[in-house]
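To start, the structure itself, in structure tokens.
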Amino acid sequence: MPRCGTAKSRGGPVEFYLNGELQQCTGVDANMTLLRYLRERLGKVGTKEGCASGDCGACTVLIADADDTSPQAINSCICLLGSVQGRQVLTVEGLEQDGELHPVQQAMVDCHGSQCGFCTPGFVMSLAGLYQRSLAQGGETPGRHAITDCIAGNLCRCTGYRPIVEAGQRMLTYPQRGIFNEPATQTGAPDRDDRQPLVGGAQRYYQPRSRSNLRAILAVEPGATLVAGGTDLALEITQRYREFEVLVDISAIDSLATIGEEDGYIRIGAGVRYHQLMGHPLLASTPLDGLLARLGSEQVRNRGTIGGNLANGSPIADMPPVLMAWGADVEVVNTLGERTRYPVEDFYLDYRQTRLQAGDYIEAVYIPMHLSRAPHRFYKLSKRFEDDISSVMCAVSMTLDGGYVLGVRIAYGGMAAVPRRASAAEQQLLGAQLTDAVIDNACTSLDNEFQPLSDVRASAVYRLDMAAALLRRALRALRDGDAPDVFELGEVSHA
Ligand SMILES: Cc1cc2nc3c(=O)[nH]c(=O)nc-3n(C[C@H](O)[C@H](O)[C@H](O)COP(=O)(O)OP(=O)(O)OC[C@H]3O[C@@H](n4cnc5c(N)ncnc54)[C@H](O)[C@@H]3O)c2cc1C
Ligand code: FES
Ligand code: FES
């Protein structure tokens, strides 16, 4: 059996299709981003670099699997080059055909959607993704909400958004033309030995396709750092100038990216991306979609995974409070294949410290089916409606029997060094008749239970006030059977 790679393994080349042409990338380092490769190695400077942190959308490109023609918009600035192995990438340079602008580009021209033009390729690529999805669904013009959703991760400082939205409304009125029409011929990817590094040398990038090969690599590379979507990790490279010696990309392990039912649980693989969770039938009875519509932008949701959100250990990540309210477990696997399940609240030890040891990875989360169906409310407070991290995140699940609290789980993000349950408030509520006075007492108890920090997002006082206000709102709404608030559903009008 061939051994796993070492520092001497040369690896490579990374192969992908760019605007239909096979690229074989040699001499690249493991920490290189797709954007850097496009601009610095290939001179494809149509794709811009603004923030290099996933916030502005200037670097948006479309990617699709080699055998697939449905593209997804991503931020190339926080996409590691190795992660596009075997895939198709479309940049703004690939949109024109025979000297003719793509309908999205033509619509931007006709609607005066560009002034200085810096943001324009990014907007065009985001709209091109929507254009292609609309074509696949019959070619109808998308609604205003779909258009604003698709460009929520793109910033423009001079044109203003109205003409850009108009371009989105007009783009399908021109003679229609698809992109990624032909699935690309497979690259050398299928017969690659995925225990060897894709990028070798002093800095190594692995991309295993199975969990057993992942474990084998982690066993010989104890200092390895995992990368899934890279929407947290790549910022370490682009913002803090860190260089990882060994990166192990789990995005090609299909068995980590499935959602299903198992022994009374909803099992969500750690590699499941937000866009896969949205609209999933197993979670249809929950308000999760409304929350996810506010998690990052479309570009971020197309890459970010649930496992990355948990493992990153951020106190302001959105999924941990939700999973705690659902009573979910997180399953950790070590290099020997031994599995341990922790309730999500026990997974966090301290600020950015989790139960994960060197060589461990998160395989899945398990949500008890019955708890996923209990009435609940998720509230996210952030400075901006879209594409912003929470100042306070509150998730509440409660079952009542004749007005008495039979079960309750309350969890917060942004209120402590780790995402945490409000155990004292839960104790006060459990078994009590849910009067306004009982609700007020539970809300007041938060003052003793949490000592949040003041930072750029919010002051400690504001956080405590908001935590109480959100809890009061959730408990009353669950007691009175109110329909979820419109903002929970992400249905706010953008007019
Ligand atoms: C513009 C922008 C907006 C964002 N908005 C939000 C937001 O609104 N809410 C929010 O919660 N987050 C937000 N994020 C953060 C990020 O998108 C999420 O945390 C995402 O879920 C991370 O997943 P990933 O797959 O990209 O993780 P990665 O960046 O690939 O990894 C993150 C960390 O987890 C580790 N890791 C990944 N997968 C595993 C695994 N299976 N087992 C063990 N370790 C693993 C990695 O080693 C790394 O340390 C935003 C990020 C950006 C750039
Ligand atoms: S450069 Fe701003 S999102 Fe990539
Ligand atoms: S046209 Fe100048 S930033 Fe958008």
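Every read-out reported here was derived from the displayed coordinates using simple, explicitly stated rules and does not represent laboratory data. All values derive from a computational prediction rather than experimental measurement. Cβ coordinates were reconstructed from backbone atoms using ideal geometry, including for glycine residues, and neighbour counts include every protein chain displayed.
Quick notes on this one:
- The angle between the Cα long axis of helix 120-136 and the longest principal axis of the Cα atoms of the chain comes to about 80 degrees, rounded to the nearest 10.
- Charge context of residue 152, other residues only, Cβ under 13 angstrom, K/R +1, D/E -1: -2
- C-alpha long axis of helix 211-220 to longest principal axis of the chain, angle in °: 80
- Backbone geometry of the stretch 24-35 corresponds, through the Karplus equation with coefficients 6.51, -1.76 and 1.60 at θ = phi - 60°, to 3J(HN,Hα) couplings of 10, 9, 10, x, 9, 9, 4, 8, 6, 8, 4, 4 Hz, x marking Gly and Pro.
- Rounded Å value of the spacing that divides the Cα centres of the stretch 347-374 and the stretch 258-288: 15
- Our Cα-only numbers for the stretch 360-495 put the radius of gyration and Dmax at 15.4, 47 Å.
- Coarse-grained scattering of the chain at q = 0.12 Å⁻¹, given as base-10 log I(q)/I(0) from a Debye sum over alpha-carbon atoms: -1.11
- Prolate/oblate/rounded call for the stretch 96-173, Cα gyration tensor, a/c under 1.5 rounded: oblate
- Residues whose amide H falls under 5 Å from that of residue 58, counting only those 5 or more places apart or on a different chain, are 50, 51, 155, with hydrogens built in the peptide plane.
- Between amide H atoms placed 1.01 Å from N, distances below 5 Å from residue 407 occur with 399, all of them 5 or more places distant or on a separate chain.
- Across the stretch 362-377, computed HN-Hα scalar couplings (Karplus, 6.51 cos²θ - 1.76 cosθ + 1.60, θ = phi - 60°) run 7, 9, 6, 10, 10, 10, x, 3, 5, 6, 5, 9, 5, x, 8, 9 Hz from first to last residue, x flagging Gly and Pro.
- For q = 0.14, 0.15, 0.19 Å⁻¹, Debye-computed log10 I/I(0) when each Cα of the stretch 185-276 counts as one equal scatterer: -0.59, -0.67, -0.98
- Footprinting exposure proxy for 194, 98, 388, 254 (fewest neighbouring C-beta atoms within 10 Å first): 98, 254, 388, 194
- Counting other Cβ atoms within 10 Å as a rough exposure proxy, the listed residues 32, 278 run 278, 32 from fewest neighbours to most.
- Within a straight-line Cα-Cα reach of under 14 Å, residue 48 can be paired with the following aspartates and glutamates, leaving aside sequence neighbours fewer than 8 residues apart in one chain: 40, 93.
- For residue 162, neighbours were defined as the other residues whose beta-carbon sits under 13 Å from its Cβ, and their charges (Lys and Arg +1, Asp and Glu -1) total +1.
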